[in-house]
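**Q** This structure is in structure tokens; I'll ask about it shortly.
The values are calculated or read from the model by the stated rules, or taken from the named source; none is laboratory data. The shown structure was predicted, so the numbers you read here are calculated from the model rather than taken from an experiment. Note that we place each Cβ from the backbone using ideal geometry, even for glycine, and neighbour counts take in every protein chain shown. Side chains are part of the model used for accessible areas, which takes the heavy atoms of the whole protein and leaves out ligands, DNA and RNA. Shrake-Rupley method; radii C 1.70, N 1.55, O 1.52, S 1.80 Å.
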Amino acid sequence: MASEETRTMTPTPTTAIRADAANGAAEKQPPTRAWATRLVIVGIVLAALNLRPAITSLGSLLEEVRDGLGMSGTLAGLLTSVPPLCFAVFGVMAPRLARRFGPSAVVCAGMVAIAAGLVMRPFLGGTVGFLAASALALMGIAVSNVLMPVIVKRWFPDRVGSMTGLYSMALALGTSMAAAVTVPMTDALGGSWRTGLAVWAALAVVAVVPWVPLVRDRGAASAAPEHISSAVRQEDAGLRITRSRTAWALACFFGLQATAAYITMGWMPQIFRDAGVPAGEAGVLLAVTMAMGVPLAFVIPRVATRLPNQGPVVVVLGACGLAGYAGLYLAPEGGAWVWALLLGISNCAFPLALTMVGMRAKSSVGVAKLSAFAQSTGYLISIPGPLLVGVLYQHSGGWGLPIALMAGLMVPQIVVGILAGRNRTVEDEVAAAA
């Protein structure tokens, strides 16, 4: 499978000479790349497993946390907006930190921050300490979120789809696993919500281990060589990402799919329960929706990278979302399992967005800037969605208006996804705009 760079660049004699020289130098290097590559794969999988348990484990024990800390209902409700806010604020820092310390070192530090935040937050005492420790863990998640596409682009430039699928699948597995086992694991450990939340720090500690030998990766010396011309490197060094229409389209697509995902995770069980579905079955339906991301997160990026334009994939996922919302409105109880499956497919717009981040820039530097911009802007866009659904539900007394909002947001998601999926790069757009 050809990399995005080889599809978008026309080699010149000068670049060919430089590429030959780089290949010759690589051949003279000690045979350390094989073990380093395997270590990076393990590190990517373990890091991805840690990118959501801090959120979904809290959701499973939110009532116990509220009672234990004496939180008001309003403050507990605002907790649902803290993760995307932290992702937006801290994600912007990732490219600058990566330039200074190297992406591997920043991801390693991110795993340390996740472990420290998770182990401290149940025991600091009071709401302020809980929120501060949560913010530390979310900061680690934010920078790792942004740098995962960069690591993939740097180490696996010819396997962006398969590697994005691998860590997207691991991320979905970590999300559903934390949601499914937190409560029974808490009961098995004595019933304390503090222990039930803190135990997830152990997974983050394990994720630190494979990144430690890679901390000195300050450049691409140990990774697969990027055959990028000096002109492209100069472009990416001074890239003004906000001048790219594709970057804005991708940011909006990322934000709207995140909005749909947070609304689904936060409100779908209540929709089913209000329709007469038993509470236990409603929880299982949510787990099914989330579990759909495990196999599809591996398949969709591989399919997307084989297409010159990802618009058709965007349309299929959006159509599944619209069908799922229509089912929730017309027959929420009768076809509950079908709607859960359809919404699970629609939520796989997340790995598609990550794949397009890796395809819409020419080098790992460009990917870092695009990833930070798309994710930070996108998570800011996603903040009001779950809160607005709650307001509409409270004031209307039913789910008609909230479901209409969800379906309405799916239409612009399809439109901006088609724009983001066009076969072009942000570097070319910025150069044309200048």
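**Q** Residues in region 49-56: is at least one modelled with pLDDT under 85 and either surrounded by fewer than 16 Cβ atoms within 10 Å (Cβ to Cβ) or over 18 Å from the mean Cα position of the chain (by Cα) (or both)?
**A** So far as region 49-56 goes, no, none of its residues is modelled with pLDDT under 85 and either surrounded by fewer than 16 Cβ atoms within 10 Å (Cβ to Cβ) or over 18 Å from the mean Cα position of the chain (by Cα) (or both).
**Q** From the set of residues in region 301-317 that are open to solvent by less than 40 Å² (accessible area, probe 1.4 Å) and touching a Gly at 6+ places or on another chain (Cβ under 7 Å), which is nearest to Asp158 (Cα to Cα)?
**A** The selected residue is Thr305.
**Q** If we scan region 77-95, do we find a residue that is open to solvent by 70 Å² or more (accessible area, probe 1.4 Å) and either outside any helix (DSSP H, G or I) or at positive phi (or both)?
**A** yes
**Q** Residue under question is Arg159, and the condition is that it be farther than 25 Å from Glu64 by Cα and basic (Lys, Arg); does it hold?
**A** In short, yes.
**Q** Still on this model: Tell me which residues, restricted to region 341-380, are touching an Asp or Glu at 6+ places or on another chain (Cβ under 8 Å) and open to solvent by 10 Å² or more (accessible area, probe 1.4 Å).
**A** Lys362, Val365, Lys369
**Q** Let me ask you something else. Criterion first (modelled with pLDDT under 85 and open to solvent by 10 Å² or more (accessible area, probe 1.4 Å)) does Arg33 satisfy it?
**A** yes
**Q** Residues that are part of a helix (DSSP H, G or I), within 22 Å of Ala36 (Cα to Cα), modelled with pLDDT of 85 or more and over 18 Å from the mean Cα position of the chain (by Cα): does region 112-134 have at least one?
**A** So far as region 112-134 goes, yes, one or more of its residues are part of a helix (DSSP H, G or I), within 22 Å of Ala36 (Cα to Cα), modelled with pLDDT of 85 or more and over 18 Å from the mean Cα position of the chain (by Cα).
**Q** Just to be sure I understand, how many residues within region 381-428 are open to solvent by 30 Å² or more (accessible area, probe 1.4 Å) and among the acidic types (Asp, Glu)?
**A** So the count comes out to 1.
**Q** For region 174-275, give me every one of the helices (runs of 4 or more DSSP H) that falls completely inside it and has 2 or more residues that are modelled with pLDDT under 90 and open to solvent by less than 60 Å² (accessible area, probe 1.4 Å).
**A** Ranges flagged: 230-237, 245-274.
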